[in-house]
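Below is one structure, written out as structure tokens; the observations come after it.
The values are calculated or read from the model by the stated rules, or taken from the named source; none is laboratory data. Only a predicted model underlies this, so the values are computations on that prediction, with no experimental measurement involved. Here the Cβ positions follow ideal geometry from the backbone for every residue, glycine too, while neighbour counts run over all protein chains shown. Heads up: the accessible areas ignore ligands, DNA and RNA and are worked out on the full protein's heavy atoms, side chains in. Shrake-Rupley method; radii C 1.70, N 1.55, O 1.52, S 1.80 Å.
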Amino acid sequence: MIAPAYALRDGNTIPAIGLGTYGLDDQAGIDAITAGIADGYRLIDTAFNYGNEEAVGEAIRRTDVDRSDLVIATKLPGKHHGFDETIASFEQSRMRLDLDWVDLYLIHWPLPRLGKYLDSWRAMISLREKGLVRSIGVSNFTAEMLTRLIDSTGIVPVVNQVELHPYFPQEELRAFHDEHDIRTMSWSPLAKRTELLQEPVIAEVAAAHGVTPAQAVLRWHIELEAVPIPKSSDAARRRENLDVFGFTLTTEEVDAISALSRGRIWGGDPDTHEEF
């Protein structure tokens, strides 16, 4: 199964669901990513600070899927904010991934205390102009931070990857994204290590469509036109997560799931979070 894709504002595309790779950093991780690509995942999400870019690169080398059919995303760490630092950090990531180009490069966290994310954004614009990066975006940025990037450079991030799940639907930020043609990506889409998948409303929606609770939640993301990036080292669960395009949720079901909203579960406030 191959997921459908969305058009991005820069003319490139992004699959409607991706494979998260946090923690997939050993031989088992390489095998899981390789199998995920074979299963049909075409968007692979990693980061400098995940420590697994080499594992992702090895999985890419092992697959027989054409490189141009894959969307490889990685992220700039906080310790490398700044124009020159971003250029150097990107080359480290590209070397570990062993790629001629990176499809999607994101600023992982804004770190406003450092005050350098705008310099990093300008460096990423330069990388895109050189053809080393196809698309550039951000992660964990607020509407105010996005506005600063846009007003200062005239370049709008194509995506903003944020914590998003039924406990934290991010309605206001998603509305801002829609106004500026920014695609929302969802990290922690299943709110792991919480009781989300045991919520009665999730169980009811899943039963109504003959799917699992995880599939119901991932379909909720699809209905919001957000791009979830679930991670799993379990082969059956990985395939199950991808199989969410054969059914749809009603507006009432989407609203009922969204009504579970209660706030962040990971404490990652972009205005204060420190990531290095």
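May I ask you to compute the full-extension gain from Glu91 to Ala235, defined as 0.36 nm times their residue separation minus their alpha-carbon distance, rounded to one decimal in nm? Kindly include the intermediate steps, with their values, before the conclusion.
Numbers: separation 144, 0.36 × 144 = 51.84 nm, distance 3.20 nm.
The Glu91-Ala235 span can extend by a further 48.6 nm.
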- [ ] Enter the Cα centre distance for the pair the stretch 154-192 and the stretch 3-73, rounded to the nearest angstrom.
- [x] 20 Å
Task: Charge dipole (debye, nearest 20) of the stretch 130-185; +1 at Cβ of Lys and Arg, -1 at Cβ of Asp and Glu - done: 400 debye
Task: Computed over the stretch 1-68: relative contact order in percent, which uses C-alpha pairs under 8 Å that are six or more apart - done: 32 percent
Open item on the list: Classify the stretch 184-249 from the C-alpha gyration tensor, please: rounded if a/c falls under 1.5, else prolate or oblate depending on whether a/b exceeds b/c.
Closed with: rounded
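How much accessible area per residue does the chain have, counting only protein heavy atoms and a probe of 1.4 Å, in square angstrom?
The answer is 41 Å² per residue.
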TODO: Starting from the Cα-Cα distance between Thr250 and Gln198, subtract it from 0.36 nm times their residue separation and give me the gain in nm to one decimal.
DONE: 16.7 nm
Task: Length-normalised contact order for the stretch 167-276 - Cα pairs under 8 Å, 6+ apart - percent - done: 34 percent
Open item on the list: Calculate the FRET efficiency for Ala207 and Trp266 from the Cβ-Cβ distance with a Förster distance of 25 Å, rounded to the nearest 0.05.
Closed with: 0.30
Open item on the list: Could you work out [θ]222 nm for the chain from helices alone, using -39500 (n - 2.57) per DSSP H run of at least four and dividing by all its residues? Round to the nearest 500 deg cm²/dmol.
Closed with: -12000 deg cm²/dmol
Open item on the list: Using +1 at the C-beta of Lys and Arg and -1 at the C-beta of Asp and Glu, which of Leu196, Ile136, Leu249 has the Cα lying farthest in the positive direction of the dipole of the stretch 124-276?
Closed with: Ile136
- [ ] Please name which of Ser68, Ala38, Asn52 has its Cα lying farthest along the dipole of the stretch 16-129 towards the positive end, using unit charges on Cβ (Lys, Arg +1; Asp, Glu -1) and the Cα centre as origin.
- [x] Asn52
Open item on the list: What does the extension gain come out to for His273 and Asp100, with contour length at 0.36 nm per residue minus their alpha carbon separation?
Closed with: 59.1 nm
Task: Calculated FRET efficiency for the pair Ser152/Arg62, C-beta based, R₀ 35 Å, to 0.05 - done: 0.25
TODO: Can you tell me the dipole magnitude for the chain around its Cα centre, using point charges on the Cβ only (Lys, Arg +1; Asp, Glu -1), in Debye to the nearest 20?
DONE: 420 debye
Task: Relative contact order (%) - criterion: Cα under 8 Å, at least six apart; region: the chain - done: 20 percent
Task: Pairwise Lys count, the chain - Cα closer than 19 Å, eight or more residues apart or different chains - done: 5
